[in-house]
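Below: the structure, in structure tokens.
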Amino acid sequence: MSQEATILLIEDEPEIRRFLRTTLPVHGFRLYEATTGRDGLAEAQARNPDLILLDLGLPDLEGSEVIRQVREWTTTPIIVLSARDQEQVKVAALDLGADDYVTKPFGVNELLARMRAALRHTSRPADGGDSVFTLGDLGDLKVDLGRRQVFVSGKEIHLTPIEYKLLTTLIRYAGKVLTHRQLLKEVWGPLHVDEGHYLRVYMRQLRNKLEKNPAHPRYLVTELGVGYRLRTE
Ligand code: CA
């Protein structure tokens, strides 16, 4: 059982929303929807999804404007859904920072392949190293970033999407201290940088699931008054 990735779909066409609403959850994705550019931008900030699917022809804003505004604060992959005759718009979207595109009408397998590739790319550790991360001498903690699977002492465990994102953010900066604001911004999004209680609650949950002795964590350590660090030594 792998961890669900969260997807934000910004699309005004009801048929495409219906199609993706029925297919994506079956393939292990959690879907959020918006039907306008403005709603999409608000949802992106509120949900901080793992990936955004963006229709370029929205009723209120140009898709390019949505990309520009999303890219002001996050590198979350964006896959553009475009019509066949929109070559120039598509190129402009990629120039602005979209990661990929699919042309309508698209099949679910094509879309899934693009989504997996985009997600795989962003879940790699910053140093470009192995996509399987392990800690501890007996493989106490093992995270397969490609498959989104987490193992503790060889046994697979289930994390919620937020717990998983918190863990992979710590892994991306393994060994480095992350401030509360940095973690809140990376995991919950820029609207939530002052909500330190989120972080305390989820860090406790994560320790309960990953640490042998959650009251005296070996890996998920508190840096008093500063933030947290994933200890790697
Ligand atoms: Ca449209």
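Of all residues in the range 201-233, how many are among the charged types (D, E, K, R) and touching a helix residue (DSSP H, G or I) at 6+ places or on another chain (Cβ under 9 Å)? Break it down stepwise before answering.
Applying the first criterion (among the charged types (D, E, K, R)) to the range 201-233 yields 204, 207, 209, 211-212, 218, 223, 229, 231, 233.
After this cut, where a residue has to be touching a helix residue (DSSP H, G or I) at 6+ places or on another chain (Cβ under 9 Å) as well, the list is 209, 229.
Number satisfying all stated conditions: 2.
Tell me, which strands (runs of 3 or more DSSP E) wholly within the range 170-233 include 3 or more residues that are of a type in the set (Phe, Trp, Tyr) and buried (at least 19 other Cβ atoms within 10 Å of the Cβ)?
Qualifying strands (runs of 3 or more DSSP E): none found.
Is it fair to say residue 116 is basic (Lys, Arg), in a helix (DSSP H, G or I) and under 26 Å from residue 146 (Cβ atoms)?
yes
Collect the residues in the range 38-55 that are open to solvent by less than 10 Å² (accessible area, probe 1.4 Å) and either over 11 Å from the mean Cα position of the chain (by Cα) or closer than 16 Å to residue 97 by Cβ (or both), keeping them in residue-number order.
Correct list: 40, 44, 49, 51, 52, 53, 54, 55.
Within the range 1-96, considering only helices (runs of 4 or more DSSP H) that don't extend past its boundaries, which have at least 3 residues that are away from the ligand (no atom under 12 Å from the Cβ) and touching a Ser or Thr at 6+ places or on another chain (Cβ under 8 Å)?
By residue number, 87-95.
Starting from residues that are within 22 Å of residue 99 (Cβ to Cβ), among the charged types (D, E, K, R) and modelled with pLDDT of 70 or more, keep the ones in the range 113-143 and report whichever is least open to solvent (accessible area, probe 1.4 Å).
Ranking the candidates gives 114 first.
Go through (1) modelled with pLDDT of 80 or more; (2) of a type outside the set (Asp, Glu); (3) outside the structural domain of residue 208 (by the TED database); (4) surrounded by 18 or more Cβ atoms within 10 Å (Cβ to Cβ) and name the single condition residue 86 misses.
Unmet for residue 86, out of (1) modelled with pLDDT of 80 or more; (2) of a type outside the set (Asp, Glu); (3) outside the structural domain of residue 208 (by the TED database); (4) surrounded by 18 or more Cβ atoms within 10 Å (Cβ to Cβ): (1).
The values are calculated or read from the model by the stated rules, or taken from the named source; none is laboratory data. If you're wondering where the values come from, they're calculated on a predicted model, not measured in any experiment. Cβ sites come from the backbone with ideal geometry, for glycine too, and all protein chains shown count toward neighbours. For accessibility, only protein heavy atoms count, side chains too; no ligands or nucleic acids. Shrake-Rupley method; radii C 1.70, N 1.55, O 1.52, S 1.80 Å.
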